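Student: Mind having a look at this structure? Questions to follow.
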Amino acid sequence: MFKLGAIELEYMSHSYNCGTGKHRTERCVELPIADYWLSKVGNDVTEFGAVSPYYYPDRIKDVVDPVDKKATIKGSLFDTDFSGRDVLSISTIEHIGVGDYGYIEKDSRNDAILALGYIIAKANRWLVTWGYGYNPTLDAQILDNRLIGICNMYLLSRQIDDSWMQVAIEGLTQYGRNMANSVIILTNCNVFERK
C-alpha cells in the first residue's frame, strides 16, 4: 500500500510495462491513482496518451494519441477540444516536444508546458502524471510555480525498499535507467483529500 493525500492505494502489478515484485516501474503507482480518480469522476473521460488501454481495455472510449496503435483518436493534443471534458494523462505530457516515438509537432505548439496549460485551461476535471527528471524544463517550471490555487500537487518517490512514499520537493530523485524514481501528480480535484 502507498498513500496519496489522505487515501491509501494498492500497488499495481501487471506484465505490461509495470513490473512485478521488486523493480516495479512508476506505473505501479500511476495506474492505481488513475483508477481511483476514474472511480470518482466516472469513465466518460478523454485520455491524452494511450496508456490506460494497455491495463484497462475499453474503459475509456476517447483516447487521443498521435502515434499509438491503441488510440481511438489519432492526433495532437492541441487539435483536440477538451472544453468541459474530464481529462486523464498518464506519463505522456513529458514526451511532448522531445521527439520521442518519432513524433514532432510541425509548429511552435510543441512544448510540454504549453500542453499542460492547454489541459488546465480547457478541461473540466483533470489528472496529469509524469516521471520526474525526464523533462527537466517541465519539472522546473511546475515545481517553481507550484500552481498554487489552481490544483493539488503530489510528489511520490521510490524508497530504497522499492516502496513509494509522498515527499517534499527535496525528496524527489532523478529518473532512473529505464524508469522514473519519482512521479509528479497534478489534479484539480480533491478526491485524494477525503476518505
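The values are calculated or read from the model by the stated rules, or taken from the named source; none is laboratory data. Because the structure is a prediction, the values reported are computed rather than measured. Heads up, the Cβs are rebuilt from the backbone with ideal geometry, glycines too, and the neighbour counts pull from every protein chain shown.
Student: In the stretch 159-180, is there at least one residue being touching a residue at least 40 places away in the same chain (Cβ under 8 Å), under 15 Å from Ile93 (Cα atoms) and touching a strand residue (DSSP E or B) at 6+ places or on another chain (Cβ under 8 Å)?
Tutor: Checked against the condition, which is being touching a residue at least 40 places away in the same chain (Cβ under 8 Å), under 15 Å from Ile93 (Cα atoms) and touching a strand residue (DSSP E or B) at 6+ places or on another chain (Cβ under 8 Å), the stretch 159-180 yields at least one hit.
Student: Got at least one residue in the stretch 19-40 being modelled with pLDDT of 90 or more, more than 15 Å from the chain's Cα centre (by Cα) and surrounded by fewer than 22 Cβ atoms within 10 Å (Cβ to Cβ)?
Tutor: Among the residues of the stretch 19-40, at least one is modelled with pLDDT of 90 or more, more than 15 Å from the chain's Cα centre (by Cα) and surrounded by fewer than 22 Cβ atoms within 10 Å (Cβ to Cβ), which makes the answer yes.
Student: Restricted to the stretch 153-183, and to residues that are polar (S, T, N, Q) and over 14 Å from Lys3 (Cβ atoms), which residue is surrounded by the most Cβ atoms within 10 Å (Cβ to Cβ)?
Tutor: Kept after step one, since they are polar (S, T, N, Q), are these residues of the stretch 153-183: 157, 159, 163, 166, 173-174, 178, 181-182.
From the residues that got through so far, the ones that are over 14 Å from Lys3 (Cβ atoms) too are 173-174, 178, 181-182.
On the way: Thr173: 14, Gln174: 13, Asn178: 8, Asn181: 19, Ser182: 22.
The selected residue is Ser182.
Student: Please determine, by comparing only the residues of the stretch 152-181 that are part of a strand (DSSP E or B) and in contact with a Lys or Arg (Cβ under 7 Å, 6 or more places away or on another chain), which one is modelled with the highest pLDDT.
Tutor: Looking at the filtered set, the residue picked out is Gln166.
Student: Could I ask something else about it? Of all the residues that make up the stretch 136-151, how many are outside any helix (DSSP H, G or I) and either modelled with pLDDT of 90 or more or touching a strand residue (DSSP E or B) at 6+ places or on another chain (Cβ under 8 Å) (or both)?
Tutor: Restricting attention to the stretch 136-151, the residues satisfying the condition of being outside any helix (DSSP H, G or I) are 146-151.
Subsequent filtering for residues that are either modelled with pLDDT of 90 or more or touching a strand residue (DSSP E or B) at 6+ places or on another chain (Cβ under 8 Å) (or both) retains 146-147, 151.
Qualifying residue count for the region: 3.
Student: Only residues in the stretch 54-77 that are crowded, with 18+ Cβ neighbours inside 10 Å and at pLDDT 90 or above count as the first member; pair them with residues that are of a type in the set (Asp, Glu) and not in a loop (DSSP other than H, G, I, E, B), Cβ under 6 angstrom, at least 6 apart or cross-chain, and list the lot.
Tutor: Sorted first by the residue in the stretch 54-77, then by its partner, the pairs are Ile60/Glu47; Val63/Glu47.
Student: Tell me which residues, restricted to the stretch 145-158, are free of Cβ contacts under 8 Å to residues at least 40 places away in the same chain and among the polar types (S, T, N, Q).
Tutor: Asn145, Ser157
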